[in-house]
Amino acid sequence: MAIKFNCPHCRRALNVKDHLAGKKAACPACKKVLTIPQPAPAPVAEDVENLAAAAFAESRAAADARAAETIDFTCPLCDEPVSFNVSEGGKRAQCPKCRNIIKVPLPEKKDPTDWRNQGDNLPSGARRDTAPAPEGAWNPANAKLVSREALEEAGALRPDKRRALTTSQKVNRGALAGAVAFAVLVGSLAAYKSWARGRQDDLVARAAQAAEDAQDKEAGAALHRAVGEYVLRGNARTAGDDAKKEFDKARAQLAGAAPGPARDLLLADLALSEADLGGVAAEVDGGRRLKWDEVQKQLGHTLNPRHLNSSSWGRFHALRLTSRKLIELGQGTTAVGLAAQLAAPGNPAAEESLSYEGSEALGVVGLEFLRAGQKDQAERLLTQAQARPQTAPSVVALAVALGKPEPKAAASAEELDLSMIGRAEGQARLGNAAPARAAIRPEATTEVRLRALLGIVAATVDAGAVDQASLDAAAQLAVEAANARNASPWLVYRLVVLAARAGQPDTAAKVADTISDPVLRGRAQYEVLRARLKGLREKKEPADEKLLAGIDKQSVALGLAYEAVARHNAALDGGAAKAVEAWDEAVRPFGLVGAALGLQDAKK
């Protein structure tokens, strides 16, 4: 019987007689020495392996079928063996031992049993390869990976000879990587800004709804004004018109409110916000701002004497603040128009006071031009004011400060007092605060002396160097006047504002608490709070809500104070807006819009 096999070296088919099995011989083709393998044993039966596989499968089938029906495991709580139906796999069930609820594991996936992979546990008829491999036979189990160097030497693998990148290629690839990173960063920032803007808009929407529902007209007006400010600062395409709508709602609510200091102060606040409506041509064309002639009409409606009719002090307070802002914005003509409006016929005040109020209004705005360094415009207003018959302190102060002749005062005591008040401020604006203070007649009434000291303090605060002696004297006199109630509370309020501007909140607080009028007292305390917040802002420190305890609860100033604190804290930390949700329902809307404004401030 012949032995047929292939040469292990050249794979040539060979055929030798079986008596040569196990001997060495040379391959007739490649001449290399090989060992002749043993002949393959004759099969005992053709289907031995098939029979063995069937027998092995039958022995395991019953066990596999039983195992497939149940899930057997140990309870993790009582450590007892338990068994569940396979349908309970992955579910929670009650342990039959400890009665606790446990999770039944999923059944294990088992591949079909292959008897060939059972190692030593093969069927008795299965073939076992126990004979040693022929010498020189190739065994894949002994195969090893060929090294890269060997493959390159054999020519099967070409060495990596990639050309080095040029400087230009490196730059281009770096630029591409940078562009991709920048695009990812921009996308992330845009997504964050969109989320933040939506969060702020939600806060403002809730405040706007509270403004619509407010029973207190003054509180509703204050909220509408704040919402309008937020909308305007957002610079959306319709910001100008949308903000104007909110401001119009605020004015409409104030028109229905009772005359008094609260309405006058809120109208002044509204006028300051409306001054920001105007913009340059590009902003107007884009819808983000309004034309200045439209803004002038808005301000004319807001500061109309028919609305500001509770006191001349309220009118001058609003005119002083608004004209200052308009001049800073380069809109001095609009400021002059507002002054002329107070002097125009039709003013509801008595006819004899028309000349006085008109002159005083022109003098107030003239002093603001002088403060801004616009002497030519200040002189023009002085000329217009001096054409009026009655003496007005602001006109006298403007003339002295400009080095012009003082208006001639009548011989009455009242006219002489008005001239003295104006002269004190004019001298202080020339840098002569001490002589001006010494010139105040001690026999004059408390109100006259207080007005003269206020003029000196205002002049020095505007110059950036407050005269401390005049401020202290005014504070002492203001407390006495407030306790005796022999001077207008508006004068005491103005001193609080000046002291707060001078960075002296403690002095301002001492004076504020003595004001008899609850509305002006609350607003004065609010000005003190704003001064304290300015100091905290410079140190980047949050405001403690305990500061709010110093605000009287009888006026809308309390809501404004909550708005200011929320705005301050949100500007430092966006998470501070969450604290507003816990505030009392009456002041929460002010906190909501304040937080939204603060988040805007943080982006500026």
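Here are a few things to note about the model shown:
- Set 236, 205, 210: member being touching a residue at least 24 places away in the same chain (Cβ under 8 Å) and assigned to a helix (DSSP H, G or I): 210
- Verdict on residue 359 being polar (S, T, N, Q), at negative phi and at pLDDT 95 or above: no
- Lone unmet requirement of (1) within 20 Å of the chain's Cα centre (by Cα); (2) under 16 Å from residue 204 (Cα atoms); (3) crowded, with 20+ Cβ neighbours inside 10 Å; (4) modelled with pLDDT of 95 or more for residue 576: (4)
- Considering residues of the range 521-536 that are open to solvent by 20 Å² or more (accessible area, probe 1.4 Å) and among the charged types (D, E, K, R) only, the residue nearest to the chain's Cα centre (by Cα): 534
Each row is one residue, and each column tells you yes or no for (1) more than 24 Å from residue 524 (Cβ to Cβ); (2) of a type in the set (S, T, N, Q).
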{"residue": "406", "(1), (2)": "yes, no"}
{"residue": "446", "(1), (2)": "no, yes"}
{"residue": "491", "(1), (2)": "no, no"}
{"residue": "498", "(1), (2)": "no, no"}
{"residue": "502", "(1), (2)": "no, no"}
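- The requirement of being among the acidic types (Asp, Glu), over 21 Å from residue 593 (Cα atoms) and assigned to a helix (DSSP H, G or I) is fulfilled nowhere in the range 507-514; no residue meets it.
- Residue check, residue 231 among the hydrophobic types (A, V, I, L, M, F, W, C), modelled with pLDDT of 95 or more and open to solvent by 30 Å² or more (accessible area, probe 1.4 Å): yes
- Residues being modelled with pLDDT of 95 or more and either over 11 Å from residue 589 (Cα atoms) or not in a helix (DSSP H, G or I) (or both) are represented in the range 219-226 by at least one member.
- Residue that is in a helix (DSSP H, G or I) and either in contact with a His (Cβ under 7 Å, 6 or more places away or on another chain) or open to solvent by less than 10 Å² (accessible area, probe 1.4 Å) (or both), where the choices are 477, 454: 454
- Residue in the range 317-331 that is least open to solvent (accessible area, probe 1.4 Å), counting only those that are in contact (Cβ under 8 Å) with a residue 24 or more places away in the chain and not in a helix (DSSP H, G or I): 331
- Within the range 516-555, if we keep just the residues that are touching a residue at least 40 places away in the same chain (Cβ under 8 Å) and among the small types (Gly, Ala, Ser), the residue that is nearest to residue 586 (Cα to Cα) turns out to be 555.
- Test: residue in the range 458-466 that is over 21 Å from residue 362 (Cα atoms), assigned to a helix (DSSP H, G or I) and open to solvent by 60 Å² or more (accessible area, probe 1.4 Å): no
- Single match in 465, 481, 500, 487 (criterion: modelled with pLDDT under 95 and within 39 Å of the chain's Cα centre (by Cα)): 465
- Count of residues meeting criterion [over 22 Å from residue 487 (Cβ atoms), hydrophobic (A, V, I, L, M, F, W, C) and not in a helix (DSSP H, G or I)] in the range 423-444: 1
- Filter pass, residue 377 being in contact (Cβ under 8 Å) with a residue 40 or more places away in the chain and either out of contact with any helix residue (DSSP H, G or I) (no Cβ under 6 Å at 6 or more places or on another chain) or at negative phi (or both): yes
- Among the criteria (1) among the small types (Gly, Ala, Ser); (2) surrounded by fewer than 24 Cβ atoms within 10 Å (Cβ to Cβ); (3) in a helix (DSSP H, G or I), the one residue 409 does not fulfil is (3).
- Residue ID - surrounded by the fewest Cβ atoms within 10 Å (Cβ to Cβ), chosen from residues in the range 579-602 that are among the β-branched types (Val, Ile, Thr) and part of a helix (DSSP H, G or I): 580
- The range 235-248, residues that are touching a Lys or Arg at 6+ places or on another chain (Cβ under 8 Å) and surrounded by 19 or more Cβ atoms within 10 Å (Cβ to Cβ): 239, 240, 246, 247
The values are calculated or read from the model by the stated rules, or taken from the named source; none is laboratory data. Source: prediction; values computed, not measured. Cβ atoms come from the backbone with ideal geometry, glycine included; neighbour counts cover every protein chain shown. With ligands, DNA and RNA removed, areas are computed over all heavy atoms of the protein, side chains included. Shrake-Rupley method; radii C 1.70, N 1.55, O 1.52, S 1.80 Å.
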